[in-house]
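Heads up: the structure comes next, in structure tokens.
The values are calculated or read from the model by the stated rules, or taken from the named source; none is laboratory data. Model, not experiment: these values are computed from the prediction. Ideal geometry is used to build each Cβ from the backbone, glycine not excepted, and the neighbour counts take in all protein chains shown.
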Amino acid sequence: MTLSLKKLKKSVVSELQYNFTAREKEQVFFILLEHFTALSKITYLTNSGQEISIDQNESILHGVTLLNEGIPIQHITEKAYFRDLELQVNKHVLIPRPETEELVSLVLGHISPNQRVLDLGTGSGCIGLSLKSKLPNLEVHGIDVSQDALDVAQLNAKNLGLEMNFTKLSMTENLSGLGEFQVLVSNPPYIGKHEAPKLESNVYRNEPHIALFSITEDPLYFYKALKKSALEILKPGGFIFLELHEDYANKTAELFKSEKFEDVEIFNDLQGKLRFLKAKRI
């Protein structure tokens with residue numbers, strides 16, 4: 001049995017249960033509608049009596065079932081939007097967050113168009129590709145310990161027609177083989193394992209733990225590795241930009257103030273939380 005778009009919307013909105021506001025339920029309906037039928041919100045508004053196929057109906061309602069089970073909508077559509085980019089995402093990469101968009105804005109405010117940039121822990125490639133899209137003359141490199149993540153990043157670069165170099169490396173390894181850079185940027189895993197119970201269940205169940213959690217009990221583990229890398233491959237006068245855990249922001253800043261860095265600054269995100277660090281290599 002097929003439903004008109006109007007009746008289908010009513011069914012979707014009534015069946016959605018997973019912590020959605022009324023407005024979010026409507027947004028979810030239009031995302032699922034476009035994904036499974038290629039019909040836009042404008043089509044709905046101008047012809048809500050239109051019917052779609054049984055298969056399309058079932059696909060949309062199955063999407064609702066998955067959402068009620070806590071599956072992120074980005075994993076259902078395999079798409080996420082970051083600044084003005086449409087990115088492919090899956091279970092192997094973090095879903096890009098608004099805070100990381102702010103990190104990119106911070107970087108763009110301090111770099112020059114022809115520099116070499118290294119994105120450490122690139123994941124979907126969202127940071128590096130966003131920088132490249134705004135400053136096409138940048139030479140952008142990305143590393144990640146996960147080949148599955150790199151496969152996603154490479155696909156995104158291809159789909160967007162952007163040139164970015166990818167290498168399978170951990171940010172804890174010796175990176176001197178990559179050469180020197182004027183800019184390093186990273187959103188490293190910074191959630192302590194003891195904080196796992198505080199995470200939203202759908203994040204814990206569906207996003208890669210390797211990209212979420214520090215691998216030791218030391219919350220600064222990856223920041224210490226990033227500082228070491230910066231001492232090895234960041235040119236004097238170059239900048240490192242980091243996304244931070246708000247609880248350890250000041251300790252991270254102290255780490256960089258202790259040796260061969262200057263102009264170490266912490267910036268708040270739009271929620272007023274201590275979220276980003278900028279430091280200049282002496």
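With the condition being under 19 Å from the mean Cα position of the chain (by Cα) and touching a residue at least 24 places away in the same chain (Cβ under 8 Å), I'd like the helices (runs of 4 or more DSSP H) fully within segment 1-110 carrying at least 3 qualifying residues.
Here the list reads 73-77, 98-108.
Does at least one position in segment 108-116 carry a residue that is over 30 Å from residue 37 (Cα atoms), among the hydrophobic types (A, V, I, L, M, F, W, C) and touching a strand residue (DSSP E or B) at 6+ places or on another chain (Cβ under 9 Å)?
Keep residues of segment 108-116 that are over 30 Å from residue 37 (Cα atoms), which gives 108-116.
Still in the list and also among the hydrophobic types (A, V, I, L, M, F, W, C): 108, 111.
Add one more test, that the residue is touching a strand residue (DSSP E or B) at 6+ places or on another chain (Cβ under 9 Å), and what stays is 111.
For segment 108-116, residues over 30 Å from residue 37 (Cα atoms), among the hydrophobic types (A, V, I, L, M, F, W, C) and touching a strand residue (DSSP E or B) at 6+ places or on another chain (Cβ under 9 Å): present.
How many residues does segment 16-46 hold that are polar (S, T, N, Q), at negative phi and surrounded by fewer than 13 Cβ atoms within 10 Å (Cβ to Cβ)? Break it down stepwise before answering.
Here is the first cut: in segment 16-46, the residues polar (S, T, N, Q) are 17, 19, 21, 27, 37, 40, 43, 46.
Still in the running and at negative phi: 17, 21, 27, 37, 40, 43, 46.
Right, trim to surrounded by fewer than 13 Cβ atoms within 10 Å (Cβ to Cβ) and you get 17, 21, 40, 46.
The total comes to 4.
From the list 129, 135, 120, which one is at negative phi and surrounded by fewer than 23 Cβ atoms within 10 Å (Cβ to Cβ)?
One residue alone meets the criteria, 135.
Can you tell me which of (1) touching a helix residue (DSSP H, G or I) at 6+ places or on another chain (Cβ under 6 Å); (2) in the same structural domain as residue 159 (by TED's automatic domain parsing) is the one residue 101 doesn't meet?
Of the numbered conditions (1) touching a helix residue (DSSP H, G or I) at 6+ places or on another chain (Cβ under 6 Å); (2) in the same structural domain as residue 159 (by TED's automatic domain parsing), the odd one out for residue 101 is (1).
Out of curiosity, is residue 239 buried (at least 21 other Cβ atoms within 10 Å of the Cβ) and closer than 21 Å to residue 102 by Cα?
yes
Which of the residues belonging to segment 258-282 are under 15 Å from residue 227 (Cβ atoms), free of Cβ contacts under 8 Å to residues at least 12 places away in the same chain and surrounded by 12 or more Cβ atoms within 10 Å (Cβ to Cβ)?
Of everything in segment 258-282, nothing turns out to be under 15 Å from residue 227 (Cβ atoms), free of Cβ contacts under 8 Å to residues at least 12 places away in the same chain and surrounded by 12 or more Cβ atoms within 10 Å (Cβ to Cβ).
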